[in-house]
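These notes are about the structure you will find just below.
The values are calculated or read from the model by the stated rules, or taken from the named source; none is laboratory data. Not measured: the values here are computed from a predicted model. Positions of Cβ are backbone-derived with ideal geometry, glycine not excepted, and every protein chain shown enters the neighbour counts. In case anyone asks, the SASA skips ligands and DNA or RNA and just uses the protein heavy atoms, side chains included. Shrake-Rupley method; radii C 1.70, N 1.55, O 1.52, S 1.80 Å.
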Amino acid sequence: MRVASEITTWMPGYKELSVGKHLFMTIQWMLSSFANEGKAFFIAIWTAGFLLLMKSKKAKVYQILAVVFSVVALLPYAGISFFSEMGIGYIDIEQRLTELPTWQTMNIQNRIAFFWWIAAVLFTMVLLWKVTGHSVFISMVFLGGIASEAVLHFSPTIYASGARVYYLTDLMYLFIILWMVMHMDSEKKKNLFIAGVVVLGVANFLSQYSIMLLKL
């Protein structure tokens, strides 16, 4: 009864979604959450990975990609949303959604952002596998963070209240970040990383301050 009520209230077309369209909607929403609300955690993971690989001569490609992905993820802080807007920015989470996002309604820029963040997530998995010495545990924690959001696949309130699952993903990724910091080989690297995280945290807060005020 509750699900039927939620479908009527938030997403009338939920039951009519094909398997493919439903899966696309979930992936699009999840990637958008990483590119926007979760980007600071990914930047921290990439930066920590860069520092952990500084003494490895065979890891230059990983370091270069970590820098590239980090720089691109920082662009929204400067008001550049080319790689973060995936075609769902128009959705008002407080209103019933009668027209669901589809692949066909995405423009070229939306699709570039979509595939860019697929690449970013895959790169992060490979980077963690490299810097952790092939740790299955850390890989599972990272995948657990993805699964924590992917579970909204089964909810018609994915847009209205999907953000409620962010905290678990964030805790898992925070755990990964702390693990990486603990394995840095010098206090200088640790202090440099922590200083960067503080700056990133302040920037992240300021970028969302106006949005938070609107919700009060």
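Some notes on this structure:
Every residue, every condition in (1) free of Cβ contacts under 8 Å to residues at least 60 places away in the same chain; (2) of a type in the set (Val, Ile, Thr); (3) over 30 Å from TYR209 (Cβ atoms), yes or no:
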residue: GLY13; (1), (2), (3): no, no, yes
residue: GLY20; (1), (2), (3): yes, no, yes
residue: THR26; (1), (2), (3): no, yes, no
residue: ALA40; (1), (2), (3): no, no, no
residue: ILE45; (1), (2), (3): no, yes, no
residue: LEU51; (1), (2), (3): no, no, no
residue: ALA59; (1), (2), (3): no, no, yes
residue: TYR62; (1), (2), (3): no, no, yes
residue: TYR90; (1), (2), (3): yes, no, no
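- Considering the range 106-121, the residues that are free of Cβ contacts under 8 Å to residues at least 12 places away in the same chain and open to solvent by 70 Å² or more (accessible area, probe 1.4 Å) include one that is farthest from PHE42 (Cα to Cα), namely ILE108.
- Residue count, the range 82-92 (criterion: at pLDDT 95 or above and either loosely packed, with under 13 Cβ neighbours inside 10 Å or hydroxyl-bearing (Ser, Thr, Tyr) (or both)): 1
- Test: residue in the range 190-202 that is open to solvent by 60 Å² or more (accessible area, probe 1.4 Å) and of a type in the set (S, T, N, Q): yes
- Test: residue in the range 132-141 that is surrounded by fewer than 18 Cβ atoms within 10 Å (Cβ to Cβ), modelled with pLDDT of 95 or more, under 19 Å from the mean Cα position of the chain (by Cα) and not β-branched (Val, Ile, Thr): yes
- Exactly one residue out of GLU187, GLU149 is out of contact with any strand residue (DSSP E or B) (no Cβ under 7 Å at 6 or more places or on another chain), loosely packed, with under 11 Cβ neighbours inside 10 Å and among the acidic types (Asp, Glu), and it is GLU187.
- Of the residues making up the range 203-216, those that are within 18 Å of the chain's Cα centre (by Cα) and either in contact (Cβ under 8 Å) with a residue 24 or more places away in the chain or open to solvent by less than 90 Å² (accessible area, probe 1.4 Å) (or both) are ALA203, ASN204, SER207, GLN208.
- Residue within the range 93-108 that is of a type in the set (Asp, Glu) and modelled with pLDDT under 95 present: yes
- The residue pairs whose first member lies in the range 157-173 and is free of Cβ contacts under 8 Å to residues at least 60 places away in the same chain, whose second member is surrounded by fewer than 20 Cβ atoms within 10 Å (Cβ to Cβ), and whose beta carbons are closer than 6 Å, counting only pairs six or more residues apart or on different chains, are VAL165/SER148; LEU168/SER148; MET172/VAL141; MET172/GLY144.
- Of all residues in the range 58-109 being part of a helix (DSSP H, G or I) and among the basic types (Lys, Arg), the one that is nearest to GLN28 (Cα to Cα): LYS60
- Qualifying positions in the range 58-69 - loosely packed, with under 13 Cβ neighbours inside 10 Å and either over 24 Å from the mean Cα position of the chain (by Cα) or of a type in the set (Ser, Thr, Tyr) (or both): LYS58, LYS60
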